């Protein structure tokens, strides 16, 4: 044999046999790019009007849209083509391995298997890449043509940079999935097994992470669902990572941008992704070369791989089954159903995997003992979360281990304070995975005291003594802080917990000397808020959570002031005015900045701030106690009242705006479920007036009275006691009573605004006896817009209570 | 030369080849015969480099076969169920083989296609089994390799075509020293073309020797003896003669004996038989006799 075998000819022959893949790839790329671009471009061109381009020139407008297209829309559709392509090419590209006849032919040919693999691998990559590049270039030329028409050819380079960035990301995503598909193809004997192996093994780590995360979130009350970003782990699941990589734009921005602190995790993720990608290629190569020809048409050859697939399927199936029934049945008394779900789903998944691997329905129970063991492990794993065998909820670090701590309150909302600047200096909302920066609070005694108090209470139903009573009371879902509470509960647990307590959730992140982090979520009642105050008054907290105080925000370019009681909006664009307002606000804020988290406050006004170059709005609440700010505002708007009282007073004389105050009060039920009647005494207690018991004590007394009367009613059913205006309701079908009154007289409205407060209350401790402000009713403007009205505890005059009882309508609900 | 040394091959717990050793010289026409499940196809695939032996080695001209493109370029393997492109034509398959066997003789291939009346542009999946076998043989012959492995290739051919293929083989053997290794159940056909045979049984090789030599070494004897003749006692004392098989029908005794014809003749002449004749054995009869010795007896298969 004198002539040499040409690799190029081998590659071309292989491509000929895979021409259908090439055709599909070309079609997909064509639809994802040029076609999508032409459709989107119609919209871009139709929006080329000065009022729609935000002051940009047509060239700038188009450039921005084209840049975003190549980084956004096109990436989405291209991503879809990419993922489908990687699976098809990876699993079907070397499908000769699944056929004995084909294997005999190709393995008898005079070519090394490694060389054959590399040629096929390269073809598989080019089958996707070449059509993608061609279609991208075609789309780019369309873009250039349009830019040329508006004189924006100078921006062509910027668009091209965007294209390159997207292409890089797409290549990484494609190879991530493609290489893993090749690995699984190498140890499987048919396409179905290859596909199942790819999906299961390629997602196993993230499935496990997701299950553990869900179990923790669902079953551990102190769990905080943001311990780390998925990027720290997703690289270990190539199939999931292939999807995740499509979001790599932000990662690349942080790696190559100015935010070096944020770059490290992204750099780690990128590095690991590339490492796994290369590693999988090497592994696939080796497996292909070592693969025995006789594996064709069989399931998975290696017993170890078979065990792993079955066990993974059974374990994940069992956990999912238990969680599914937990969701269907609800958390209470669901243990039996959860175990049933775990056994059923786990066994089913195990058996089905065996069927797929052995290709026979008779193998469902072929590995009975292994199935039983797998189900047992998954059930035990699930139970360890149910019963908290690791002590997640109750464990706290030792005092000597504590180094520093941070607390934070805003995790689930897009709070105004949690902002930062992007690398262009634009304001953007903080990444949700980075809510708790280190505030440098190092008072170990205070940290430990906070943790210790939180540990006092537990959700563990199996504890005896006072905690069992907590469970029985029905309020056992939360952990409470009450450092002054007794170590053993009194006989009457109702005297132990404050009535109608209000709770607030906070997160504490403790840095330990060992380098580890302790992160938990707890809840506090209004009685214990002072334990948190030292943390909030810390300089580090103020700088990190209140951007105003750190000077990070600078001056907005414009702001709107909105009154909550009249829904009027006052735009301000004058720089000196903005500067004066912000300076006054800063001063007020620093005096009262704990207001949002710990204290009660009423905010009749709010600011909406607009910063240059930012896509987000930014809002601030103005509280009644912000006297400096109110002074400056009033000086800017001397003719417009900025408190409800002044507003009502002014408008009453001018005869417009506030039309009524609608009172609607129901006092709910006691803790024991007894309806609280509308009486002088109940209303007096409710509004905290002098001479009446506090509302908590009143309810206790009411419960005792109900108990006595109920006992008497049972013993002497014919006797019914009625006493004057104190009407008692003993009918078990009564749910609650409600009193309502519509106040429309101008004089009455004027009187009421002497002590009514309108605006937004902070959500921390709004309520009845727990908070300082108590809801009275709703104000209604002449435009028929309403706003809530509150009265401070103890400030409602007695005459208004009498008037309510005289003129109001009391309804009883059954 | 193909040297097979102590080759064993396992499929999970099944031992398909058990310590096989054999030599296949250049220019020989080697016939690989064996019982069902003996391991013929496994051995062929191992020689072709499709599978790697678990133990032992297979060398061609002093080099290992497995993962050795240089050696494999000397081999063309025709499997018992050859693969063709699903919608391919003979022309397209030729293109594939030409890539891997650059010395592929295209004009000869096209000429032979015409002679065998096979349409080069017709889809192979419309060919009959026999036509596909013919096509496989053409690819093998035209590839220009030194060794041609044929796994049950003749079994699908009609008698005329068999003769044609045999003629092609003979021509190739004479012109360029082609060494075909043919696995088959059809012993009558092998007898005509092979000059060397190897017999496989239950993964092991029973023998591998020159066909003529084998025929010279085993004979069928038909005789009628006097009632007082005890040939068993005679044969027991003779190491150079081994009784393989014995069959009696009335007074006619048919014996299959391993040994030289002269020794057998002189031994039985000494018994003064009424009648005896030494007859040559066909390859089939040799096969049956040899395997019976190892317990593979058709009588045991009949219920």
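Numbers for the structure displayed
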| item | result |
| --- | --- |
| C-alpha long axis of helix B:159-176 to longest principal axis of chain B, angle in ° | 80 degrees |
| Peptides ranked, highest mean first, by Cβ atoms within 10 Å: ranges B:123-132, A:159-168, A:793-802, A:569-578 | A:159-168, A:793-802, B:123-132, A:569-578 |
| Rounded if a/c under 1.5, otherwise prolate or oblate - the stretch B:96-198, Cα gyration tensor axes | oblate |
| Cα gyration tensor category, rounded, prolate or oblate, for the stretch B:213-301 with a/c compared to 1.5 | prolate |
| Residue mean of other protein chain beta carbons inside 10 Å, A:97-106 | 5 |
| Cα-based helix-to-principal-axis angle, B:283-293 vs chain B, degrees rounded to 10 | 60 degrees |
| Alpha-carbon Rg/Rh ratio, for the stretch A:320-399, with Rh computed the Kirkwood way | 1.14 |
| Size descriptor, Kirkwood hydrodynamic radius, that averages inverse alpha-carbon separations across the stretch B:166-216, Å | 12.1 Å |
| Kirkwood-based Rg to Rh ratio, chain B, C-alpha trace | 1.05 |
| Candidates B:13, B:240, B:134: whichever shows maximal mean-square fluctuation once chain B is modelled as a Gaussian network with Cα springs under 10 Å | B:13 |
| Anisotropy class of the stretch B:190-233 from Cα gyration tensor, a/c 1.5 cut | prolate |
| Least to most buried among A:128, A:61, A:337 (fewest other Cβ within 10 Å first) | A:337, A:61, A:128 |
| 0 to 90° range, to nearest 10: angle between helix B:106-115 axis and chain B longest Cα axis | 60 degrees |
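Readers should treat all values here as calculations from the given coordinates under stated rules, not as data from a laboratory. Fair warning: this is a prediction, and the values are worked out from it, not measured in the lab. Methodologically, a virtual Cβ is constructed for each residue, glycine included, from the backbone with ideal geometry; neighbour enumeration extends over all protein chains shown.
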